[in-house]
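Heads up: the structure comes next, in structure tokens.
Any read-out appearing in this document is the output of simple, stated calculations on the displayed coordinates, not a laboratory observation. Keep in mind that what you see is a predicted model, and the values were worked out from it rather than measured. Here the Cβ positions follow ideal geometry from the backbone for every residue, glycine too, while neighbour counts run over all protein chains shown.
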Amino acid sequence: MLIERIWAANSLRNFHYLIACAETGEALIVDPLNAAQCLAAARARGFSITQVLNTHEHRDHTEGNAGVVSATRSKVLAHAGAAGTIGGVDRGLARGDVIKVGRTVELEVLDTPGHTRSHVCLLAHGASPALFCGDTLFNAGAGNCHNGGDPGLLYETFVNQLARLPDATRVYPGHEYMARNLAFTLDREPGNIDAAGALEAAMAQKPEDARVTTLGEEKRVNAFLRLQNPGIIARLRERFPEIGEKPDARAVFVKLRELRNSW
Ligand SMILES: [Zn+2]
Ligand SMILES: [Zn+2]
């Protein structure tokens, strides 16, 4: 499986991804925003795009569909529940579906609500698994729930699905928010030396060169995957005493998300 990340260089800091079969050169584009950019990147790599996948219905993840489809006649895939909003969807997806790209790539569809109610992540299995997680999991952060989302559902997705994937899973999010999110982790957990080191590295890198993290690393630096951490809980209680001395993980997640909204 070949992965080409394409930095959109926009204010929302989107990433697009080409996922290609090394044998046939067939490719799937994840979340096209700037169609011309996606088509140029595919051309440069000698890939032919045959499928478009939208992780969810927000415009910054679907805007390039029409341009890619008209240039390539690709099929459009999205969560069945988002298909009506997106329009032009050829294949509505559900949990457990498998997407094939060329001869060698298979991607499992995860149904991952929270950022919106109809959001999919793609999981490539194997020795070096890869997760394309849209606006669900970010580097050191979690998607917001402002536009059709639900923090309780996002919590369920994190705990019951994403956190259970192998630590070696490479994380490919829909946006580049690494430094900002690491700063939030440090605000919540000032003694986290892994986050401090990662922030220093993130400040020194250009977004187009952003490091690809693994889930194992996320568990060390992402506050939304550290819901049992005593330091995070103690500091959260200063702000929200009502959560009590032994808050459940859901309450910690939801309050962290609430704080991050205005942080
Ligand atoms: Zn979104
Ligand atoms: Zn987005």
K100 and S70 label points (each 7 Å along its Cα→Cβ direction) are spaced in nm at 3.2
Contour minus Cα-Cα distance for D90 and A36 (0.36 nm per residue):
17.3 nm
So how do 77-86, 200-209 stack up, highest first, on mean other-Cβ count within 10 Å?
77-86, 200-209
In terms of the ratio Rg/(2.2 N^0.38 Å) built on C-alpha atoms, what value belongs to the chain?
1.00
Step through the residues of segment 88-104 one at a time and calculate ³J(HN,Hα) from phi using the Karplus curve (6.51 cos²θ - 1.76 cosθ + 1.60, θ = phi - 60°), rounding each to whole Hz and writing x for Gly and Pro.
x, 7, 8, 9, x, 9, 9, 3, x, 4, 10, 9, 9, 10, x, 9, 10
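List the GluC sites (Glu not before Pro) in segment 1-54 that DSSP assigns to loop (not H, G, I, E or B) and whose Cβ has at most 15 other Cβ atoms within 10 Å. Which are they?
E23
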Once the in-chain neighbours fewer than 8 apart are removed, the aspartates and glutamates whose Cα is under 20 Å from K246 read E156, E189, E238, E258
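Can you pull out the trypsin sites (Lys or Arg not before Pro) in segment 66-167 that DSSP calls coil and that have at most 11 other Cβ atoms within 10 Å?
Sparse-neighbourhood loop trypsin sites (Lys or Arg not before Pro): R73, R103.
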In degrees rounded to 10, the 0-90 angle between helix 193-203 Cα long axis and the longest Cα principal axis of the chain is 40
Over the Cα atoms of segment 8-64, what is the Rg over Rh ratio if Rh follows Kirkwood?
0.97
Can you list the lysines whose alpha carbon is less than 18 Å from that of K100, not counting same-chain residues fewer than 8 positions off?
K75
With label points set 7 Å from each Cα along the Cα-to-Cβ direction at E238 and R170, the distance between them in nm comes to 3.9
Qualifying lysines (Cα of each under 28 Å from Cα of K206; at least 8 residues distant if same chain)
K219
